[in-house]
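Read through the structure below, which is laid out as structure tokens, and then see the notes.
The values are calculated or read from the model by the stated rules, or taken from the named source; none is laboratory data. These numbers come from a predicted model, not from an experiment. Here Cβ is always computed from backbone atoms with ideal geometry, including for glycine, and neighbour counts include all displayed protein chains. Heavy atoms of the whole protein, side chains included, go into the accessibility calculation; ligands, DNA and RNA do not. Shrake-Rupley method; radii C 1.70, N 1.55, O 1.52, S 1.80 Å.
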Amino acid sequence: MKKLASDAGIFFTRAVQFTEEKFGQAEKTELDAHFENLLARADSTKNWTERILRQTEVLLQPNPSARVEEFLYEKLDRKVPSRVTNGELLAQYMAEAASELGPSTPYGKTLIKVSEAEKRLGAAERDFIHTASLSFLTPLRNFLEGDWKTISKERRLLQNRRLDLDACKARLKKAKAAEAKATLWNDEVDKAEQELRVAQTEFDRQAEVTRLLLEGISSTHVNHLRCLHEFVKSQTTYYAQCYRHMLDLQKQLGRFPGTFVGTTEPASPPLSSTSPTTTAATMPVVPTGAGLSPPEEAALCLEEVAPPASGTRKARVLYDYEAADSSELALLADELITVYSLPGMDPDWLIGERGNKKGKVPVTYLELLS
């Protein structure tokens, strides 16, 4: 009972001190400028960490219901159930459609190929979400639920110590004023001075503890910086996988014979070689003659192909490429090759040479060098 009464008295004294400060009726011990800067920096770190965390969660899981479900599973310390990605679900629908509409038809074959690519995209997305959650979201959550809660607790303690200190200062001031009027004994002033010394010691000790925690925000920034690099790395890997999967799909679909049989509309013309948005635009194209041979007669005979007198360039290979047939040149990432264009060639392809080997190479796998 005595402890409860004592706690209630302390709470009341702090409430009175806080209220009087708000109305300008009591003096308040101010923290130094460095300490205030540390507090502001810590608050900014907490606020922006929360925003980045929430938006990254939206990026990885756009469905709000699914996010709530995952949050509840985490709070209950239970494993989040595996969820089919949108790409995997689309792949399933396409495969079922192909089975029902005819897997041997051009449309059915294409549906099957696209479904396989979508399934790979879905798997890549699942890996990205898992990696990003572990390397980026988890550290941010750990800071908010761990370090920040500790900092907040110590800041509240510091606030209470500061209120106690200022309350003791006010009591000592009143005691000295009463002593001057000879209405109090000297021992009342001594008691007030002793309480002030204790309060000052406790305040200084708590201020030091809080200051050390706030200065640790710099270490938090270093840790979050490392996690940010990991997030970018995982996102880069994910998009590179998607890019390769779609390039492979496009190449496979281009080899399907008769896929567009029955189409009466002419194929769209290729993009102009002057377009600044196409990689092929940077390659010099030899002007074509007025009387080009028909396509079947214009097939490239690689043994007879000679590079133009001018217009060859160096290119760095971005990704490994497996040649589909003897007319193509297999590529290895990061190697340098010589490339050039020939009259009548598909603008998405170039002739590549490496040593005594030559063959067609896809432009999208290359970085053209000046």
- prompt: Checking GLU21 against (1) assigned to a helix (DSSP H, G or I); (2) within 30 Å of LEU249 (Cα to Cα); (3) not hydrophobic (A, V, I, L, M, F, W, C), which single condition isn't satisfied?
  reply: (2)
task: Could you tell me which residue of region 220-238 is farthest from the chain's Cα centre (by Cα), considering only residues that are open to solvent by 80 Å² or more (accessible area, probe 1.4 Å) and more than 30 Å from GLY122 (Cβ to Cβ)?
output: VAL222
- prompt: Identify, please: which residue in region 26-50 is touching a helix residue (DSSP H, G or I) at 6+ places or on another chain (Cβ under 8 Å) and not in a helix (DSSP H, G or I) and is, among those, most open to solvent (accessible area, probe 1.4 Å)?
  reply: GLU27
- request: Would you mind stating whether LEU53 is surrounded by 12 or more Cβ atoms within 10 Å (Cβ to Cβ) and either part of a helix (DSSP H, G or I) or at positive phi (or both)?
  value: yes
- request: State the number of residues belonging to region 326-350 that are within 36 Å of the chain's Cα centre (by Cα) and part of a strand (DSSP E or B).
  value: 5
query: Hey, among the residues in region 94-108 that are touching a residue at least 12 places away in the same chain (Cβ under 8 Å), touching a Gly at 6+ places or on another chain (Cβ under 9 Å) and open to solvent by 30 Å² or more (accessible area, probe 1.4 Å), which one's farthest from ARG255 (Cα to Cα)?
result: ALA97
query: Out of region 180-200, which residues are open to solvent by less than 70 Å² (accessible area, probe 1.4 Å) and modelled with pLDDT of 70 or more?
result: VAL189, ALA192, GLU193, GLU195, LEU196, VAL198, ALA199, GLN200
query: THR338 fails exactly one of the following numbered conditions: (1) within 17 Å of LEU247 (Cβ to Cβ); (2) open to solvent by 10 Å² or more (accessible area, probe 1.4 Å); (3) β-branched (Val, Ile, Thr). What is the number of that condition?
result: (1)
